[in-house]
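As C-alpha cells, the structure follows; a few thoughts come after it.
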C-alpha cells in the first residue's frame, strides 16, 4: 500500500521539523489595538482616506438619507438599480427610478443590466478607508450584487466605523463571505499609471450616516 | 520517554535515532536556462527595460516609505508578522490538518500535492469533472511556479489569465518579470500592439492611453467572467482556525473569479497557512503597504468553504509542497518560507532594478527569489546549475532585509547558500587558491617572496593601473571586475625602508603630542 499524498506531505513536514527545529517563539502583540477616536476625528480620517482612493463621499442623517441617496443616484444617471432583499426601504423613498430586489436565483449576467446597486455595510476602517461587506447580511446581499454593476452606492453608519484594522476585523464573523473594499477597482499595471475601474464597479459612492 | 533500562530497549541497542530523509525538490518554473550573470548581461543591454524598471521600482519605493512611515507601530507589526510565521512553521503539521478539517466542515474538498506535477494532474482532473475545457485564472505565484497553464494546454484545457498584467504577458507569450506588476517590462505602445494583435474583436482604433487599454481588457474579460464555469486561484492566506481563505487584489478580476463561476479551485503553498483569523489584522496591514504602497488594496475577498446561494457551490483547495518541505528542513534557509510575496525586496534591490526579473530564470525573482528558488529546486540539478549562481546575484547591501515586512534576513540567507554551494561544489580553482594562500601566509618567508612575485603583475596592467583580464583559472573573477595591479612595493618592504622609518617616527611624535593634551586615564 503506497502512502497517500496527504501522508507523504505531512510526513515530510514532520521530518523537516525533526531535522531543523525552529526557535520557540511567543508572538508579541506590541502593535496598536483597541483604539477609538471621537466621532468627528473618525469621520474626518475616514473621509480623507476614501477621497484619497477617489471614492465619492456624501454625509447624511436619518432625516436626509433618502434625499441624499436619490441625489447620488440621479447624479450618475442610474435609472434601474439593484438592492439586496433586506435593504431599509425608507432609504429609497426619494428615488423615482426602477428598483430590482436581488435574490440568489437571479443569474449573475443579468446584474450587468443594472445601472447601479445600493447596499448597507457591516463595518469600516477609518485609517485605511476600507468598507467591509458581509455577504451573509440581508442588507448587503450576495457578493455578485456589489461586483457586476458599474456603480456601487454604499451606506455606512458612522457608528460602525472603527479606527484601525484590528478594531474593524474584530467585528466580523469569519465564516461569512466577506469583501473588503477600499475605493473603486483600480490597476497600475500599465507603466504604473493608476487607472480606476477595471472589472469591479468603476464608481464607488459612499454615503455616511452620521447621527446614529 | 522510556528509561535506558525500560522494556523498549531491553536486549537491543537502538543507537542514535535515524536521520529523517530530506524531501525532494520542487518541479516547474524554478530554474532558468542560463546562469544569472549571463542572463543579466543580455537584459542589461535592454534600455527600455531599464527605464521602465527604474521608474517603477523608484515610484513604488517612495509610496511604500510614505505609507509605512505613517504607522508609528510599523516595527511592532513587522516583529509580530515575523513571529507568527516562525510559530506557523513550528506547528505546520497541526495547522495544515486543522485547515483541512475546517475547509471540509464548510463544504470544501482538500487535496494534497507532493509536487507541481501532481498538483497539475489534480487540477486537470477537477476541471475535467466539471465538463469544461476552459478556466479563468486569478494571478497566482503558486500556479505560475508549477506551470499550470502550460500543463492544462497540453490536456486541451484553455486557461485565461484575468489580471491585466498577466493577461498582457499571456497574450504576448511572454514571461512575468515582477511579482506585483508582471508586465512592467512592457510600455503602453507595446501593450497596444499586443491587444490589437491578440484580443478578438478589439476596436482597431484603440490608442495607447492606459485607461482605454484597461477598458479594452474589461470588455474582453467581462463576457468570460459571465460564462466560464471554472476558476483557478492562489491564496494569500489560509486560516487554520476557521478554514477561511484570503485573496488580496486591486482590479476586481479576483472577486469575479471567486464569485461568479460554479467551481473554484484554489492552489495554495503549504507555507501560506496562518494560525488565527486575528492574524489577518497584522498581515492586512503589512502586505498592502509593503506591496503596492497603499494603505489598503482596493479589494480583499475572504471565503470559507461553500456558502449556499453565494459564489461557487463547488470548492477545492489544493495544498502544495513542491520543495517547500525541502526548504523547511534547512535551519537557516527555512526563513525564506515566511515570504508573503509583497515584492518590496525587488523594488529596493540595486541588482533587480538593473537586471529585471527574467535574469533570475525562476517564477520568483529578486532578492527573495535568489534565496527561495535554490531552496525549492536545489542548486545542483546539473553541472553548472543556473540556480547555483542566484545566491551571488547580490551585493549584500541589506536593503531587502530593511524592507521585508516579515523581517526575512535575506543577506544572511544568501551568505549561507553561498557557503552551502562552495561546500558542495568539490574542488574548484577558488578552493585551491585559498588553500595555497593559507599555506603561504603561515610562512613569513614564503609570504614575502610571494608578494615580491606579485609585483611583477604590474607588467601586464594598463595605464589605468588595472588588470581587466586575468589568466585562467582567475578569469572567472575578472569576467565582471577589474583587478587593481599589485603595488610596486609591499607594505613590509616600505616599512623596512628609510622612508617608512621616517614616517613612523613622525606618527609617533604626533601621537605623543595628542596624549599630552588628552585627559589622564585613571589607573
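Residue B:110 passes every criterion in (1) in contact with a helix residue (DSSP H, G or I) (Cβ under 8 Å, 6 or more places away or on another chain); (2) crowded, with 22+ Cβ neighbours inside 10 Å apart from (2). Among the conditions (1) in contact with a helix residue (DSSP H, G or I) (Cβ under 9 Å, 6 or more places away or on another chain); (2) more than 17 Å from residue B:168 (Cβ to Cβ), residue B:210 misses just one, which is (2). Here residue B:261 fulfils each of the conditions (1) within 12 Å of another protein chain (Cβ to nearest Cβ); (2) assigned to a helix (DSSP H, G or I); (3) touching a residue at least 40 places away in the same chain (Cβ under 8 Å); (4) buried (at least 23 other Cβ atoms within 10 Å of the Cβ) apart from (2).
In the set B:177, B:208, only one residue is closer than 21 Å to residue B:46 by Cα and outside any helix (DSSP H, G or I); that residue is B:177. No other residue among A:92, A:87 is surrounded by 14 or more Cβ atoms within 10 Å (Cβ to Cβ) and either under 26 Å from residue A:195 (Cα atoms) or without any contact (Cβ under 8 Å) to a residue 40 or more places away in the chain (or both) apart from A:92.
Number of residues in the stretch A:5-44 that are assigned to a loop (DSSP other than H, G, I, E, B) and within 7 Å of another protein chain (Cβ to nearest Cβ): the value is 10.
Inspection of the stretch B:214-225 finds a residue satisfying the criterion of being more than 9 Å from chain A (Cβ to nearest Cβ) and touching a residue at least 60 places away in the same chain (Cβ under 8 Å).
Each residue in the stretch B:113-133 was checked for being over 25 Å from residue B:248 (Cβ atoms) and either surrounded by 19 or more Cβ atoms within 10 Å (Cβ to Cβ) or touching a strand residue (DSSP E or B) at 6+ places or on another chain (Cβ under 9 Å) (or both), and 8 pass.
Restricted to strands (runs of 3 or more DSSP E) entirely inside the stretch A:98-212, those with at least 3 residues that are more than 7 Å from chain B (Cβ to nearest Cβ) and either touching a residue at least 12 places away in the same chain (Cβ under 8 Å) or surrounded by fewer than 21 Cβ atoms within 10 Å (Cβ to Cβ) (or both) are A:98-101, A:116-119, A:123-125, A:130-134, A:151-157, A:203-209. If you go through the stretch B:323-352 and keep only what is assigned to a helix (DSSP H, G or I), within 14 Å of chain A (Cβ to nearest Cβ) and out of contact with any strand residue (DSSP E or B) (no Cβ under 9 Å at 6 or more places or on another chain), you end up with B:325, B:326, B:327, B:328, B:333, B:334, B:335, B:336, B:338, B:346, B:347. Scanning the stretch B:353-391 for residues being closer than 16 Å to residue B:50 by Cβ, more than 12 Å from the chain's Cα centre (by Cα) and part of a helix (DSSP H, G or I) gives a total of 5. With respect to (1) within 10 Å of chain A (Cβ to nearest Cβ); (2) farther than 21 Å from residue B:218 by Cα, the lone exception for residue B:182 is condition (2).
The residue list B:181, B:248 contains one member that is within 27 Å of residue B:28 (Cβ to Cβ), crowded, with 24+ Cβ neighbours inside 10 Å, at pLDDT 95 or above and within 22 Å of the chain's Cα centre (by Cα), which is B:248.
When A:194, A:209, A:142 are checked against the criterion of being modelled with pLDDT under 95 and either closer than 19 Å to residue B:67 by Cα or in contact with a helix residue (DSSP H, G or I) (Cβ under 9 Å, 6 or more places away or on another chain) (or both), a single residue qualifies: A:194. Scanning the stretch A:58-71 turns up no residue that is over 15 Å from the mean Cα position of the chain (by Cα), within 14 Å of chain B (Cβ to nearest Cβ) and surrounded by fewer than 23 Cβ atoms within 10 Å (Cβ to Cβ).
Examine the stretch B:50-60 for a residue that is modelled with pLDDT of 95 or more, in contact with a helix residue (DSSP H, G or I) (Cβ under 6 Å, 6 or more places away or on another chain) and surrounded by 15 or more Cβ atoms within 10 Å (Cβ to Cβ), and state whether such a residue exists. Scanning the stretch B:50-60, I find no residue that is modelled with pLDDT of 95 or more, in contact with a helix residue (DSSP H, G or I) (Cβ under 6 Å, 6 or more places away or on another chain) and surrounded by 15 or more Cβ atoms within 10 Å (Cβ to Cβ), so the answer is no.
The values are calculated or read from the model by the stated rules, or taken from the named source; none is laboratory data. Since this is a predicted model, take the numbers as computed values, not measurements. All Cβ positions, glycine included, derive from the backbone under ideal geometry; neighbour counts span all protein chains shown.
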